[in-house]
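Working notes, structure below.
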Amino acid sequence: MADLGLRLRGQTLQATGWRFKFDRARTRLGCCSYSPGRRITSKVISISKPFTEAYGWSLMEDVMRHEIAHALDVDERMTTDHSETWRRWAVRCGADPARLYEDESVRLPARFVAVCPVCHDRAEFHRRPRRPAACAACCRRHSGGRYDKRFRLVLFESEAAPGKQLGLFAP
């Protein structure tokens, strides 16, 4: 953050109010968040600690450069997106200007798996669901799209699926 800020803007990103943190995200690699408005008060770049631990810095360095490009774009335009203006910043930062990391091999395993007791379709969850859900396909097919407890998903811890059943969603 310091080096790219100095090289591209003449001052570190920290000097313009940006701070860095690791987060617990399991479905995205990084994030550049700020409070929009006439005066931006909160500026945070975060990257996923679980992804960093799983894939190492070689992958996450590009993610960090991607997020720094967003920060520089915010400082210049008071907003950011994946437009041509942002892409120019990404190239200057040495990041791949792709909007999302699209490689399917870069993902974290889900902690939970829910299985339909009728069609056996599976749904993955990174967090334990708070309330019961039913198989959408079976509800559409057999109940006119309305919730039907006959198709209530059965939840398992992903390593144990379909062995160790958890209480939530059980009929």
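Could you check residue 96 against (1) modelled with pLDDT of 95 or more; (2) in contact with a helix residue (DSSP H, G or I) (Cβ under 8 Å, 6 or more places away or on another chain); (3) not β-branched (Val, Ile, Thr) and say which number it fails? (1) is the only condition that residue 96 fails. Does at least one position in the range 43-51 carry a residue that is in contact with a helix residue (DSSP H, G or I) (Cβ under 6 Å, 6 or more places away or on another chain) and surrounded by 14 or more Cβ atoms within 10 Å (Cβ to Cβ)? Within the range 43-51, one or more residues are in contact with a helix residue (DSSP H, G or I) (Cβ under 6 Å, 6 or more places away or on another chain) and surrounded by 14 or more Cβ atoms within 10 Å (Cβ to Cβ). Among the residues making up the range 7-21, those that are within 26 Å of the chain's Cα centre (by Cα) and of a type in the set (S, T, N, Q) are 14, 16. Scanning the range 103-137 for residues that are surrounded by fewer than 16 Cβ atoms within 10 Å (Cβ to Cβ) and small (Gly, Ala, Ser) yields 105, 136, 137. Checking each residue of the range 31-46 against the condition of being at pLDDT below 90 and assigned to a helix (DSSP H, G or I) gives no match.
Taking the stated definitions as given, is residue 106 within 30 Å of residue 155 (Cβ to Cβ) and touching a residue at least 12 places away in the same chain (Cβ under 8 Å)? Don't jump to the end; show me each part of the working.
Numbers: within 30 Å of residue 155 (Cβ to Cβ): yes; touching a residue at least 12 places away in the same chain (Cβ under 8 Å): yes.
Judged against the criteria, residue 106 is a match.
If you check 77, 87, 39, 24, which single one turns out to be exposed (fewer than 12 other Cβ atoms within 10 Å of the Cβ) and over 26 Å from residue 158 (Cα atoms)?
Numbers: 77 fails: exposed (fewer than 12 other Cβ atoms within 10 Å of the Cβ); 87 fails: exposed (fewer than 12 other Cβ atoms within 10 Å of the Cβ); 24 fails: over 26 Å from residue 158 (Cα atoms).
39 is the lone residue from the list that is exposed (fewer than 12 other Cβ atoms within 10 Å of the Cβ) and over 26 Å from residue 158 (Cα atoms).
Considering only residues in the range 138-164 that are surrounded by 15 or more Cβ atoms within 10 Å (Cβ to Cβ) and among the aliphatic types (A, V, I, L, M), the one that is modelled with the lowest pLDDT turns out to be 161.
The values are calculated or read from the model by the stated rules, or taken from the named source; none is laboratory data. As the structure is a computational prediction, the values presented were derived from the model and not from experiment. Positions of Cβ are generated from backbone atoms using ideal geometry, with glycine treated the same way; all protein chains shown enter the neighbour counts.
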